[in-house]
1. Would you please name the residue that is most open to solvent (accessible area, probe 1.4 Å), looking only at residues in segment 80-101 that are touching a strand residue (DSSP E or B) at 6+ places or on another chain (Cβ under 8 Å) and assigned to a loop (DSSP other than H, G, I, E, B)?
2. Going residue by residue through segment 15-32, is there one that turns out to be in contact with a Pro (Cβ under 8 Å, 6 or more places away or on another chain), among the aliphatic types (A, V, I, L, M) and modelled with pLDDT of 85 or more?
3. Please find, within segment 28-49, the residue that is most open to solvent (accessible area, probe 1.4 Å) out of those that are of a type in the set (D, E, K, R) and touching a His at 6+ places or on another chain (Cβ under 8 Å).
4. State which residue is least open to solvent (accessible area, probe 1.4 Å) when the search covers only segment 250-278 and only residues that are in contact with a Lys or Arg (Cβ under 6 Å, 6 or more places away or on another chain) and farther than 22 Å from V186 by Cα.
5. Out of all the residues in segment 130-147, which are open to solvent by less than 40 Å² (accessible area, probe 1.4 Å) and either over 16 Å from the mean Cα position of the chain (by Cα) or of a type in the set (S, T, Y) (or both)?
6. Pairs under 8 Å by beta carbon, first residue open to solvent by 40 Å² or more (accessible area, probe 1.4 Å) in segment 189-204, partner in a loop (DSSP other than H, G, I, E, B), six or more apart or different chains?
7. Scanning segment 1-14 for residues that are in a loop (DSSP other than H, G, I, E, B) and over 16 Å from Y154 (Cβ atoms), which turns out modelled with the lowest pLDDT?
8. Suppose we filter segment 102-120 for residues that are part of a loop (DSSP other than H, G, I, E, B) and open to solvent by 20 Å² or more (accessible area, probe 1.4 Å); how many remain?
Amino acid sequence: MRRTLLASIIVAVALPAVAGDRPPDLAGTPNLIVDAKVLQNHWIVRDETFDASACSVFEGGVAPGDHRVIRFTVSTPNIGDADVFIGDPNAHFQANDGLYEFATCHNHFHFRHYATYELIGADGHIWKAAKRGFCMIDVSPAPGTDGAVKTWAYRSCGQIGVPGNQGISHGWADVYVWQLGGQYFVLDGGDGQPPVPPGTYTIRITVNPGFTAVAGERCPNLSGGFCHQLPESNYDDNVGTATVVIPDHPGKTGTGPGTSDPKPHDSDIHDDQGNPID
C-alpha cells in the first residue's frame, strides 16, 4: 500500500466530524475503474442551445449558440479495498500540492488529472471534451465490489473558505450524468476542433490517467513511467469505452439510449450542500 501519500493527506486534512455514519476506511488501497456498461447505455446525440454564461462554454472554448453534441454519463467506481480519501480541497489548494486548481467561473476547486474524455474516429482521430471540473464524492453504490462499505462517507465538494469532504468510498462510484455541464463532445466544430462527420465512433474514458509532470509539478504516484494523482492497486483497469453512432439529423429530441433516461435526482447533480458537482 502506498502509505506515504495517504499519511500526508491525513496529516494535512483533519478527519471530518461526521463522514456519513462512519470514518474513512484507509486500511488498504483504492482501485478506480470506468463502468463501461453505464457509458454504453447512457449517451445521446442532440442539438442544443448553449448560453454564453455557462461555465462549460467558457472553460471548454465553446462558442455560444446552437450546437450538435453527444452527451454521455461517466461512472468511476472504486473497487479497491480502501477509500479514495481527499478531504477538504481548501487545504490542498493552500498547500499547493498540485491536486486542485481554482476555477474562476465555477468559483470552486477542480481536481487536476482526474479523468480524460476522448471521442475516437475510425481513422484514429481524437476529439477532446469540454469537461474541466470534477468533484469526487459518493454518488451511487457500485454493486459486486468485494468487502464494499454500505454507507457513503463523502458528499461535500467544498468552496473557497467552506470546507469540503471529497473522496470515493470503496464499493461506491463517483457519477457524472450526461445532463451535467461539460459532459459532451461538440460535433459541429463549435469548440475550435474539426467537425465530427456522421458515423460510428468510440468514446474512451480514462480515470486517474497517467501524465508527465512538467517542471515544478509534483508526481504523487509513479507507475509505468507516468505520474498519477491518486494511489491505486492497479492502474491497468482505468479505461472504459463505448461504441456510439452519430446520425445526420438527431434534432433537439436526440437519438441514442439516453433519450429514455429519466430526469436525474437532485443528489445526482448536487452535493449535500446543494452545490453542483460539475
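The values are calculated or read from the model by the stated rules, or taken from the named source; none is laboratory data. Computed from a prediction, not measured in an experiment: that's the story for all the values here. Neighbour counts run over all protein chains shown; Cβ positions are idealised from the backbone, glycine included. Heavy atoms of the whole protein, side chains included, go into the accessibility calculation; ligands, DNA and RNA do not. Shrake-Rupley method; radii C 1.70, N 1.55, O 1.52, S 1.80 Å.
1. D88
2. Yes, segment 15-32 contains at least one residue that is in contact with a Pro (Cβ under 8 Å, 6 or more places away or on another chain), among the aliphatic types (A, V, I, L, M) and modelled with pLDDT of 85 or more.
3. Out of the qualifying residues, it is D47.
4. D271
5. Within segment 130-147, just T145 meets the criteria.
6. Every condition considered, the pairs that remain are G192/G61; P194/H125; P195/L187; P195/D188; P195/G189; P198/P247; P198/D248; T200/A122.
7. The extreme case among them is R2.
8. Our first condition is that a residue be part of a loop (DSSP other than H, G, I, E, B); within segment 102-120, this holds for 104-107, 112-114.
Of the ones still in play, those that are also open to solvent by 20 Å² or more (accessible area, probe 1.4 Å) are 104-107, 112-113.
Final tally of qualifying residues: 6.
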